[in-house]
1. Among rounded, prolate and oblate, which fits the stretch 148-298 when a ≥ b ≥ c are the square roots of the eigenvalues of its C-alpha gyration tensor, a/c under 1.5 means rounded, and a/b larger than b/c means prolate?
2. Once the Cα atoms of helix 105-121 and of the chain are each reduced to a long axis, what angle between those two axes, in degrees from 0 to 90 to the nearest 10, is obtained?
3. Measure nothing fancy, just the Cα-based angle from helix 232-241's long axis to the longest principal axis of the chain, in degrees from 0 to 90, nearest 10.
4. Give me the orientation-averaged projected area of the Cα convex hull of the stretch 72-111, in nm², one decimal.
5. Quickly estimate the mean residue ellipticity at 222 nm for the chain, helices only: each DSSP H run with n ≥ 4 gives -39500 (n - 2.57), and the total goes over all residues, rounded to 500.
6. With the cut-off at 22 Å, tell me which of the pairs 21/390; 364/420; 156/215; 21/305; 281/305 have Cα atoms farther apart than that.
7. At a Cα cut-off below 18 Å, give the aspartates and glutamates reachable from residue 340, other chains included and same-chain residues fewer than 8 away excluded.
8. Quick check: from the Cα gyration tensor, does the stretch 267-376 come out rounded (a/c under 1.5), prolate or oblate?
Amino acid sequence: MGKSKESFALHGTVVYCKSAKEMVTFEDGYVVCVDGISEGVFEKIPEEYKDLPLIETNGKLIIPGFVDLHIHAPQYQNRGNGMDMELLPWLETYTFPEESKYKDLSYTEKAYRMFVDELRSGATTRACVFATAHKDATLRLMEMFEESGLITYVGKVNMDRNVPDYYVETTEGSLSATREWLEEQKAKKFDHTFPIITPRFTPSCTRELMEGLAKLSKEYQAPVQSHLSENLSEIEWVKELEPDTSCYADSYVKAGIMNPDIPCIMAHCVWSDEHETEILKKNNVFVAHSPESNINLCSGVAPIKKYLEAGMNVGLASDVSGGSTTSMFAALRNAIYASKLRNRLFDGDIKPLTFTEAFYIATKGGGAFFGKAGSFEKGYSFDALILDDKTIHTAREDITVVERIERFMYLGDDRHIAGKYAAGIKII
Ligand code: GUN
Ligand code: FE
């Protein structure tokens, strides 16, 4: 059973993005939440809401909760390790051995508890999560998320080739375990924890497996998440494995996994050329951008500004443990750093991301995958963070609201989070 959705108003300094180009600020504003939905932001509390409980933040920053569009729950235990390796050796050396441990439910209990507790106390309100290939551990992760109040999509990972024997599945076994997992999670009637079909990536999934997953996605009305065009060695490998495809994305299209009727997240898209980008647009794919992971795994820097300017769906993501931290503050500032390196080193035509663009992809950009989330505009789900920046000292009295939020993204961390709501429910 979900907790009841509250109605109240928050008073403080409010910041949100309407679009990638427009940040809205209220130095002294009231954000009104009715039954878990935002009624908008006001300079004075409107008559019709004056009897709602008023929560005074004393000038703290109030922003929409962050959406982490791509994160690996089991890899939390490896964060910060193996960051001197490239993607493919890193998967073999660090990732597969760690993920294989989740066949043991006592390890699962301990490890996923740490992970869910950290996301709950951090700045993330919504996330799209890869679990492992294990059905029971994935169900347990979903139960923990449901209890946390966070709003998540969680996927049992599928893999039937090019994975060590100790972790690989058979095609049949992978499909039947996925169906069982979908049935079992349905019976639990979660309120804010949803299943997402999760073929790991083309190198570890045969066409036959992906075709089966596409059918399950249709049957259970579940969206899809995977990885795409992350790293040059991976892309070369896909060309060898899938000779009948026009590009990496075409391997998902040919299997029926990527199509305009199935909401789909593709992590990275660092090397998508014009042809592949057209395929992403045509299929309304959400690009999950993980700047720190792209650098750590020697992948490159995705052309996010170009995707935004093309009107594509883009969200920000930590990609733990390709990215070392669950912090979305870190992901946001890293997105700006990385875009500057790309601009300076090899792509002067694509300008660096602005602060507003980075804030947008961390909130409303990724939030769109969930429907109306990531903004305080009327009708949006009420996901909010209250940030206390009073210990981020400055003698300046002329500091603007935008400067306050900007410096918070560089200097703030989880210790400065004074409150957090997801769909109107208080989490912190
Ligand atoms: N490609 C396939 N699996 C993974 C993974 O676990 N992390 C990253 N960053 N890329 C992948
Ligand atoms: Fe990933």
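The values are calculated or read from the model by the stated rules, or taken from the named source; none is laboratory data. Only a predicted model underlies this, so the values are computations on that prediction, with no experimental measurement involved. All Cβ positions, glycine included, derive from the backbone under ideal geometry; neighbour counts span all protein chains shown. Protein only, heavy atoms only, side chains kept; ligands, DNA and RNA dropped before computing areas. Shrake-Rupley method; radii C 1.70, N 1.55, O 1.52, S 1.80 Å.
1. Numbers: a/c = 1.55, a/b = 1.34, b/c = 1.16.
Prolate shape, in that a/c is at least 1.5 and a/b is the bigger ratio.
2. The two axes meet at around 30 degrees.
3. Helix 232-241 sits roughly 40 degrees off the main axis of the chain.
4. Numbers: hull surface 10.9 nm².
About 2.7 nm², averaged over all directions.
5. Working: 14 runs with 144 residues, N = 428.
Counting only the DSSP helices, I get -10000 deg cm²/dmol.
6. On the way: 21/390 28 Å; 364/420 17 Å; 156/215 16 Å; 21/305 11 Å; 281/305 15 Å.
The answer is 21/390.
7. 292, 309, 349, 357, 406
8. Working: a/c = 1.37, a/b = 1.05, b/c = 1.30.
Cα axes put the stretch 267-376 in the rounded bin.
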